[in-house]
Amino acid sequence: MSQRQVLQVFEQYRRARTQFAQAVAELAARPQNVGFLQSAGVVSLLRPLLLDVVPTVQQSAALALGRLADCSNDLAEAVVKGDVLPQLLCSLTEQNRFYKKAAAFVLRAIGKHSPQLAQAIVQYGALEILVICLEDFDPGVKEAASWALTYIAQHNSELSQAVVDAGAVPLLVLCIQEPEIALKRIAASTLGDISKHSPELAQTVVDAGAIAHLAQMILNPDAKLKRQVLSALSQIAKHSVDLAELVVEAEIFPVVLTCLKDSDEYVKKNGATLIREIAKHTPELSQLIVNAGGVAAVIDCIGSCRGTVRLPGIMTLGYVAAHSENLSMAVIVSKGIPPLCACLIEEHEDHIKAAAAWALGQIGRHTPEHAHAVAVTNVLPTLLAMYMDTRSSEDLQMKTKRALKNILQKCTHLPALELLLHDAPPNIMKYIVGQFSKVLPHDSKARRLFVTTGGLKKIQEINAEPGSLLQEYISAIKSCYPEEVVRYYSPGYPETLLERVENYHPVL
């Protein structure tokens, strides 16, 4: 047999390996094929191909394993238990860029499913190799490595700390400065995933100089990049006053307000979320937002969108209003109440309605003037109906109850209170009657109106427990009227009069 014939045998074997690896990679791209591949023992067949002398075979084998692991938690576990990771990683830093990207894809596909699988990757020493890939000349390798790191870091603070300890953060900050948009996006996302777990991790990102570079990208025309940038800044700002102030000092206002008018709904939502995370901390930070025109911009945003996009804006108004009377009045003056009332009526999700109810409660809880601004919109019956609706979630019932309590305890707008007199349960009724007991002794016109509209008659029909606060309020109201008036509007009095008429014997 000639040398040529011998080499031909090896060439056939090489082609067969290449064809097999490429075919499996293509088959693994279709979820309906995955079960058949797994039952055929595909993982054990692909594993030795990761060390093949032919680069194309290595890359195709890695791509196939990545696609398999990406499909489900069980398949990802099978890849780990199949002892694939040591062979995948052993020569990763020495291979070409195509293999590096494919190998990083495998790590990403495994790590995304659970903290346990991500921890398995860490234990095999993958983080150090991924960090080396962040320094690679090829932007695609950096991007693939960052994807793998974000899927590891997203799970919990321990895994994020491991990513930090491997030295990833300074290199990720360099990645967001690269010209490639796709690399910027995922690097910003990874920084956000690291920051979200704790103030300490967020501080690590801040110390690496990330805030200034992220803030500069808020006006980038790429919507997907803006989403990630806004999200990362939110994850930093949410933890503490100091971190929120550092984000504000990067001069994100009024620039970030333009995001609330963006055509991309996720940019809107993430922009509002960033403002919310700043507003929640202190009155001073909320006042800064007001001064920058942030409240008006948030109100416009709530009015221009629907669904969960509204949620962070709703909560921003609640946080701003909660801090002080003046800040709450700023929300009122900016006409923030009508959109919140609209959310209660228009939205279908209970958690969005609950947020709107909470925000209204924060606006109305300060003074009679604040409560009046809420009450005149006729929203109190809506809140009461939601509280009493058995189909409402427990959270919605709790939030509407608290909102009613907050507003009613300050409300002196009697027409709004009277609307609730006939439907409110005892635990809400005591706040309504309590307000009447405070206003009626000092307002003769209100006392007259309270009689003519049936209010006096209604409160005497309430079955209040003797010695209860509600009973005290009722007694206080009755003491505002002459005894014969109270008796006339007491339950059963008309029947008593009729009986007296029947029993009366006129003197002829």
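The values are calculated or read from the model by the stated rules, or taken from the named source; none is laboratory data. Being a predicted model, the structure only gives us computed values, none of them experimental. With ideal geometry, Cβ positions are generated from the backbone for all residues, glycine too; neighbour counts draw on all protein chains shown.
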Is it the case that residue 58 is more than 19 Å from residue 166 (Cα to Cα) and either assigned to a loop (DSSP other than H, G, I, E, B) or among the polar types (S, T, N, Q) (or both)?
-> yes
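Per-residue answers, yes or no, for (1) part of a helix (DSSP H, G or I); (2) within 19 Å of residue 104 (Cβ to Cβ); (3) free of Cβ contacts under 8 Å to residues at least 60 places away in the same chain:
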position	(1), (2), (3)
145	yes, yes, yes
151	yes, yes, yes
174	yes, yes, yes
194	yes, yes, yes
221	no, no, yes
225	yes, no, yes
Could you look through the range 69-99, keep only residues that are more than 35 Å from the chain's Cα centre (by Cα) and charged (D, E, K, R), and pick out the one that is farthest from residue 31 (Cα to Cα)?
-> 94
Those residues of the range 33-44 that are in contact (Cβ under 8 Å) with a residue 24 or more places away in the chain and either touching a strand residue (DSSP E or B) at 6+ places or on another chain (Cβ under 8 Å) or of a type in the set (A, V, I, L, M, F, W, C) (or both) come to a total of 4
Options 157, 195; residue that is out of contact with any Asp or Glu (no Cβ under 6 Å at 6 or more places or on another chain) and under 19 Å from residue 113 (Cβ atoms) = 157
Return yes when residue 352 is part of a helix (DSSP H, G or I), at pLDDT 90 or above, more than 23 Å from residue 269 (Cβ to Cβ) and touching a Lys or Arg at 6+ places or on another chain (Cβ under 8 Å) and no when it is not.
-> no
Which number in (1) under 22 Å from residue 343 (Cβ atoms); (2) of a type outside the set (Val, Ile, Thr); (3) not in a helix (DSSP H, G or I) marks the one condition that residue 234 misses?
-> (3)
Could we say that residue 452 is among the hydroxyl-bearing types (Ser, Thr, Tyr), assigned by TED's automatic domain parsing to the domain that holds residue 350 and exposed (fewer than 15 other Cβ atoms within 10 Å of the Cβ) here?
-> no
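Inspect all residues belonging to the range 320-337 and state whether any of them is among the basic types (Lys, Arg), assigned by TED's automatic domain parsing to the domain that holds residue 278 and without any contact (Cβ under 8 Å) to a residue 40 or more places away in the chain.
yes
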Just for the range 464-494: of the residues that are part of a loop (DSSP other than H, G, I, E, B) and modelled with pLDDT under 75, which one is surrounded by the fewest Cβ atoms within 10 Å (Cβ to Cβ)?
-> 492
Please list, ordered by first then second residue, the pairs with beta carbon atoms under 7 Å, 6 or more apart or interchain, first in the range 258-275 and within 14 Å of residue 232 (Cα to Cα), second of a type in the set (Ser, Thr, Tyr) and assigned to a helix (DSSP H, G or I).
-> 270/231; 270/234; 272/316; 273/234; 274/234; 275/316
The range 63-98: number of residues that are buried (at least 23 other Cβ atoms within 10 Å of the Cβ) and not hydrophobic (A, V, I, L, M, F, W, C) | 2
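For (1) surrounded by 16 or more Cβ atoms within 10 Å (Cβ to Cβ); (2) hydrophobic (A, V, I, L, M, F, W, C), each residue gets a yes or a no:
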| position | (1), (2) |
| --- | --- |
| 167 | no, no |
| 179 | no, no |
| 215 | yes, yes |
| 232 | yes, yes |
| 236 | yes, yes |
| 241 | no, yes |
| 246 | yes, yes |
| 256 | yes, yes |
| 268 | yes, no |
Can you name the number of the only condition in (1) in contact with a helix residue (DSSP H, G or I) (Cβ under 6 Å, 6 or more places away or on another chain); (2) closer than 20 Å to residue 171 by Cα; (3) part of a loop (DSSP other than H, G, I, E, B) that residue 155 fails?
-> (2)
Unique residue being in a helix (DSSP H, G or I) and surrounded by fewer than 19 Cβ atoms within 10 Å (Cβ to Cβ) when the list is 288, 311 = 288
Residue within the range 430-448 that is under 16 Å from residue 383 (Cα atoms), part of a helix (DSSP H, G or I) and of a type in the set (A, V, I, L, M, F, W, C) present = yes
Scanning the range 415-426 residue by residue, those touching a residue at least 12 places away in the same chain (Cβ under 8 Å), surrounded by fewer than 21 Cβ atoms within 10 Å (Cβ to Cβ) and part of a helix (DSSP H, G or I) turn out to be 418, 426
Looking at (1) over 19 Å from residue 177 (Cβ atoms); (2) part of a loop (DSSP other than H, G, I, E, B), find the lone condition where residue 135 falls short.
-> (1)
Please name all residue pairs, on different chains or six or more residues apart, with Cβ atoms under 7 Å, provided the first residue is in the range 11-32 and is surrounded by 12 or more Cβ atoms within 10 Å (Cβ to Cβ) and the second residue is among the charged types (D, E, K, R) and in a helix (DSSP H, G or I).
-> 25/67; 28/67; 29/67
Would a scan of the range 109-118 turn up a residue that is part of a helix (DSSP H, G or I), basic (Lys, Arg) and in contact (Cβ under 8 Å) with a residue 40 or more places away in the chain?
-> no
Inside the range 3-29, the number of residues satisfying the requirement of being over 17 Å from residue 47 (Cβ atoms) and either among the aromatic types (Phe, Trp, Tyr) or not in a helix (DSSP H, G or I) (or both) is 3
